[in-house]
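Chemist: Once you've had a glance at the structure underneath, I'll fire off some questions.
The values are calculated or read from the model by the stated rules, or taken from the named source; none is laboratory data. Not measured: the values here are computed from a predicted model. Please note: Cβ atoms are built from the backbone with ideal geometry, for glycine as well, and neighbour counts cover all protein chains shown.
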Amino acid sequence: MESLSAKQQIIIERLKNGLIVSCQAKKEDPIYLPGIITKMAESAIWGGADGLRINTPEHIKEVRKITDLPIIGLWKQHTKDNPVFITPTIEAVEEVIEAGADIVAIDATDRANAKGEKAYLLIDKIKQKYPNTIILADIRNEKEAVLALEQGAHMVAPTLYRFNDHPKSIDSPDFEMLAKIVRVTQGNGVVLMEGKINTPEEAIESLYLGAYAVVVGSAITRPHLTTLRFTNKINKYKHKMPLYY
């Protein structure tokens, strides 16, 4: 990994061995109310979170007002027939940065975006236009992790592992994948663990396997999905957890 500025190093070091809480909600979620994301963030801060992951410029701005914790900002933009939805354009990146994010998370997979370009090519565009921005590459597997770091990303996370062609699971963490990513990226960038971490024990296992920090979202901030996880198992997996959540 290329050398970081002192400011970038401080931001990343604040996350070391820590918990990053993803505070997100869809408008169709039963918990969605005006101000709900700020309340999620306040709850995470109260509980000792080391960082926050926030979706949309609007919510990033709201949360930035109440904390100086590192914010991983993103902007999910779902469009028909386009699998690349996490901060998919340089325009989306710009708004996330201007909203106050310390780190920008993007889809850096090998998938093609709406323009037919590989998603990971956005990394170079960000580095050209915003050289002081920390880039978190959300990827699916170890090959994409290496590719993203070669492109210049500072951090990688298997956030999109469940979008692999044949994922082991879409509702439980893939620790084998994490271990592979840690091995192949050793010393070249920071590896965060993100993807269906549901318990403190799973978070600790992630750190043991080499994750720099752990991102937890639904298990903390979205009780309706926690309920669904319980009922799904009780009902012998008659229904799958949603792929998009």
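Chemist: Kindly provide the set of residues from the stretch 210-245 that are in a loop (DSSP other than H, G, I, E, B) and within 18 Å of the chain's Cα centre (by Cα), ordered by number.
Modeler: Listed by number, the residues that qualify are Gly210, Ala211, Tyr212, Gly217, Arg222, Pro242, Leu243, Tyr244, Tyr245.
Chemist: While we're here: Could you please find all residues in the stretch 68-127 being over 18 Å from Lys143 (Cα atoms) and either polar (S, T, N, Q) or touching a His at 6+ places or on another chain (Cβ under 6 Å) (or both)?
Modeler: Of everything in the stretch 68-127, those that are over 18 Å from Lys143 (Cα atoms) and either polar (S, T, N, Q) or touching a His at 6+ places or on another chain (Cβ under 6 Å) (or both) turn out to be Gln77, Thr79, Asn82, Phe85, Thr87, Thr89, Asn113.
Chemist: Taking Lys76 as the residue in question, decide whether it is more than 20 Å from Arg53 (Cα to Cα) and either of a type outside the set (S, T, N, Q) or within 18 Å of the chain's Cα centre (by Cα) (or both).
Modeler: no
Chemist: Just name the residue that is nearest to Glu13 (Cα to Cα) out of those in the stretch 56-93 that are of a type in the set (S, T, N, Q) and surrounded by fewer than 24 Cβ atoms within 10 Å (Cβ to Cβ).
Modeler: So, considering only residues that are of a type in the set (S, T, N, Q) and surrounded by fewer than 24 Cβ atoms within 10 Å (Cβ to Cβ), the one nearest to Glu13 (Cα to Cα) is Thr67.
Chemist: Can you confirm whether Val96 is surrounded by 20 or more Cβ atoms within 10 Å (Cβ to Cβ), part of a helix (DSSP H, G or I) and without any contact (Cβ under 8 Å) to a residue 40 or more places away in the chain?
Modeler: Against the criterion (surrounded by 20 or more Cβ atoms within 10 Å (Cβ to Cβ), part of a helix (DSSP H, G or I) and without any contact (Cβ under 8 Å) to a residue 40 or more places away in the chain), Val96 qualifies.
Chemist: Give the residues of the stretch 122-157 that are over 22 Å from Glu98 (Cβ atoms) and either at pLDDT below 95 or part of a helix (DSSP H, G or I) (or both), sorted by residue number.
Modeler: The answer is Glu142, Lys143, Glu144, Ala145, Val146, Leu147, Ala148, Leu149, Glu150, Gln151.
Chemist: Taking only pairs six or more apart or across chains, which ones have beta-carbon atoms under 7 Å, a first residue in the stretch 136-157 that is of a type in the set (Lys, Arg), and a second residue that is outside any helix (DSSP H, G or I) and surrounded by fewer than 24 Cβ atoms within 10 Å (Cβ to Cβ)?
Modeler: Arg140/Asn164
Chemist: Could you give me the residue pairs with C-beta distances under 9 Å whose first residue belongs to the stretch 226-240 and is surrounded by 11 or more Cβ atoms within 10 Å (Cβ to Cβ), whose second residue is of a type in the set (A, V, I, L, M, F, W, C) and in a helix (DSSP H, G or I) wherever it lies, and which are 6+ apart or on separate chains?
Modeler: Thr226/Ala219; Thr226/Ile220; Arg229/Ala219
Chemist: If you scan the stretch 30-80, which residues turn out to be assigned to a loop (DSSP other than H, G, I, E, B), under 17 Å from Glu95 (Cβ atoms) and of a type in the set (A, V, I, L, M, F, W, C)?
Modeler: If the condition is that a residue be assigned to a loop (DSSP other than H, G, I, E, B), under 17 Å from Glu95 (Cβ atoms) and of a type in the set (A, V, I, L, M, F, W, C), then Trp75 is the only one that fits.
Chemist: Moving to a separate point now. Suppose the filter is among the charged types (D, E, K, R) and either closer than 17 Å to Gly18 by Cα or in contact with a Ser or Thr (Cβ under 9 Å, 6 or more places away or on another chain) (or both); does Arg183 pass it?
Modeler: It is false that Arg183 is among the charged types (D, E, K, R) and either closer than 17 Å to Gly18 by Cα or in contact with a Ser or Thr (Cβ under 9 Å, 6 or more places away or on another chain) (or both).
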